[in-house]
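Shown next, in structure tokens, is the structure this report addresses.
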Amino acid sequence: MMEDIFWADKIASEVIKREKYTYLNKKYALPDRPTIKTSSSLSGVLHIGRLTDIIRGEAVYRALKDKGLSPRFIYVAEDMDPLRKVPKGVPSSYREYIGMPVTDIPDPWGCHKSYAEHHIAEFVDVFPDFVEEVPERFSMREEYKKGSFDEAVHIILSKLDSLRELLNGFRRQKLPDNWLPYQVVCENCGKIMTTVPIALEGGRVHYVCQDYSFKSEKAEGCGYEGEVKPEGGNGKLVWKSEWAAQWRRWDVVAEGAGKEYIVPNSAFFVNAHISEEILDFPSPTPIFYEYITIGGGKMSASLGNVVYPKDWLEVAPAEALRLLFLKRITKSRDFKWEDVPRIVDELERIERIYYGLENLEDKKEEKHLKRLYELVQIRRPPDTYTLRIPYTTAVIVSQVVDLNDEKRLKTVFDKMGYPLNADSLHILRLAGRWASKYSKRLVVLEEMPSEAGSLREELRSALRDVAKSVDEETGDLTKRIFAIAKSHNIKPQELFRAIYLLFLGREDGPRAGPFLLSLDKDFVKKRLKLES
């Protein structure tokens, strides 16, 4: 069995080596098909942050497979959740549906059967782009309708006093005696957040439909009073019961949850008690993780700062997002579009370590990064390393070379020492789209800037040496520029500023070596020699 040096492998071993329930003195038996469950609510926007659960859950699933098990990987759409507010881009008339399960709301765009189906389709369509194993899909609305939770509902309602006592142990204010862990879908208006269960009599839940206030919106009740049989699929368990019932339904051995659930009285641990003490099912091993923010804040459609999975794939490899999510799961992750080159650079460095092209003194960290690289890859890594243009270099090349000019590209690539293969062309296109959307555009000056005339002689002499160095066929031009600056007793940053001034009319710019090699050689030499 492989050494547990990576967090996903440690969780997999914890699942395998487990011997007892968490809270009861009962023997634990690993299911024949241990399940890793992932899920998402459809009441909000399905942005890249929602892929956190999928990608991290799949890492544990793969770790279990690598240890010789035959696990199951599932995705559950929490589609009985109510619509809480009308998102940007949806007609304001949809306020009438606030409080209704998202599966029962019509698709505003008219291309799917429901609001839920529209958003789920967009989300799951990208799964194959981000995970090796596409999870089995389940809908909570359909599961309730099929009767998959009837037994759990029956058990929970038959042990109502025990459940209420258990929950009161986690609460400051006791639950009322008529409290029921069941939400009914109103038979009159179809809303779920407006129904208040008032009694359980004769195996039926009696309820009344009345107004319910969310943070920013109100779901209007219709005043209807009725009764339903809870095992009929016309309602759902409340979350502090339903989560436990889900674990029992699918033999879940591990599931992800946000880091806020680590506290002992959180919904995860409350459901863990319910699972074991009410449903007699061993609570799963948690995969606690930190969420991703954007620019220091929460992604929000109303703020217009949402990053969709398809947006990521337009500018960066899927593996780079996997790296962002997998490297340290309990550390906060803040994302800005400007970070993409840095993230891809990190991925490329770990790739070199994996293939032995770069070695670390800390061999434990080296093993950790090699295992991280394996799990970051959507497909198993090939046996040999494929050389391609680095993303940061591609950002430069894509802005100054016509990507349709294969002859020019071949010349540039030959000078830089990179093959013009399919991988390099793919990176060029990604980097080009990123540069056009999110970077300071490179605009090469056609004429010599007037400021060139004020450059001191030491800089002029150094620039002439850089011009000579452009003709050299081997070596890193950026490193040669550093050496030239040293030989002229000039600070390197001063020489780089002069180069950027000559070509871009500003004092900053991209990595100078790749930038100069991307341009026409004769033009570069003439400009460096300060020839008009």
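Answer with yes or no whether V315 is surrounded by 15 or more Cβ atoms within 10 Å (Cβ to Cβ), over 27 Å from I11 (Cβ atoms) and outside the structural domain of E14 (by TED's automatic domain parsing).
Taking the combined requirement at face value, the residue satisfies it.
For the stretch 102-159, enumerate the residues that are hydrophobic (A, V, I, L, M, F, W, C), loosely packed, with under 15 Cβ neighbours inside 10 Å and part of a helix (DSSP H, G or I).
A121
Looking only at the stretch 75-95, which residues are in contact (Cβ under 8 Å) with a residue 12 or more places away in the chain and out of contact with any strand residue (DSSP E or B) (no Cβ under 7 Å at 6 or more places or on another chain)?
Initially, the stretch 75-95 is screened for residues in contact (Cβ under 8 Å) with a residue 12 or more places away in the chain, giving 75-91, 94-95.
L83, R84, K85, V86, P87, K88, G89, V90, P91, Y94, R95 - these are the residues of the stretch 75-95 that are in contact (Cβ under 8 Å) with a residue 12 or more places away in the chain and out of contact with any strand residue (DSSP E or B) (no Cβ under 7 Å at 6 or more places or on another chain).
Could you grab me the full set of residues in the stretch 352-390 that are assigned to a helix (DSSP H, G or I), closer than 30 Å to S436 by Cα and within 20 Å of the chain's Cα centre (by Cα)?
Within the stretch 352-390, Y373, V376 qualify.
Given the residues L360, L321, L369, which is the only one that is more than 25 Å from I48 (Cα to Cα) and in contact with a helix residue (DSSP H, G or I) (Cβ under 6 Å, 6 or more places away or on another chain)?
Of the residues listed, the single one that is more than 25 Å from I48 (Cα to Cα) and in contact with a helix residue (DSSP H, G or I) (Cβ under 6 Å, 6 or more places away or on another chain) is L360.
Could you tell me whether any residue of the stretch 318-337 is among the small types (G, A, S) and not in a loop (DSSP other than H, G, I, E, B)?
Of the stretch 318-337, the ones among the small types (G, A, S) are 318, 320, 332.
Within this subset, residues satisfying the condition of being not in a loop (DSSP other than H, G, I, E, B) are 318, 320.
Among the residues of the stretch 318-337, at least one is among the small types (G, A, S) and not in a loop (DSSP other than H, G, I, E, B), which makes the answer yes.
Which pairs do you get when a residue that is at pLDDT below 85, found in the stretch 314-336, comes within reach of a residue that is assigned to a helix (DSSP H, G or I) and surrounded by fewer than 20 Cβ atoms within 10 Å (Cβ to Cβ), reach meaning Cβ atoms under 7 angstrom, with the pair 6+ apart or on two chains?
Here the result reads T330/K259, each pair linking the stretch 314-336 to a residue that is assigned to a helix (DSSP H, G or I) and surrounded by fewer than 20 Cβ atoms within 10 Å (Cβ to Cβ).
Pick from the stretch 68-101 the residues that are of a type outside the set (V, I, T), under 25 Å from the mean Cα position of the chain (by Cα) and over 23 Å from G190 (Cα atoms): which of them is surrounded by the fewest Cβ atoms within 10 Å (Cβ to Cβ)?
G89
Please go through the stretch 392-423 and pick out each residue that is free of Cβ contacts under 8 Å to residues at least 60 places away in the same chain and under 25 Å from L326 (Cβ atoms).
A394, D423
Across the stretch 249-292, what is the total count of residues that are under 27 Å from the mean Cα position of the chain (by Cα) and not in a loop (DSSP other than H, G, I, E, B)?
Of the residues in the stretch 249-292, 25 are under 27 Å from the mean Cα position of the chain (by Cα) and not in a loop (DSSP other than H, G, I, E, B).
Looking at V90, V76, V15, V102, which is the one that is out of contact with any Lys or Arg (no Cβ under 7 Å at 6 or more places or on another chain), at pLDDT 95 or above and β-branched (V, I, T)?
Going through V90, V76, V15, V102 in turn, just one is out of contact with any Lys or Arg (no Cβ under 7 Å at 6 or more places or on another chain), at pLDDT 95 or above and β-branched (V, I, T): V15.
The values are calculated or read from the model by the stated rules, or taken from the named source; none is laboratory data. None of the values given here were measured: they were computed from a predicted structure. Neighbour counts run over all protein chains shown; Cβ positions are idealised from the backbone, glycine included.
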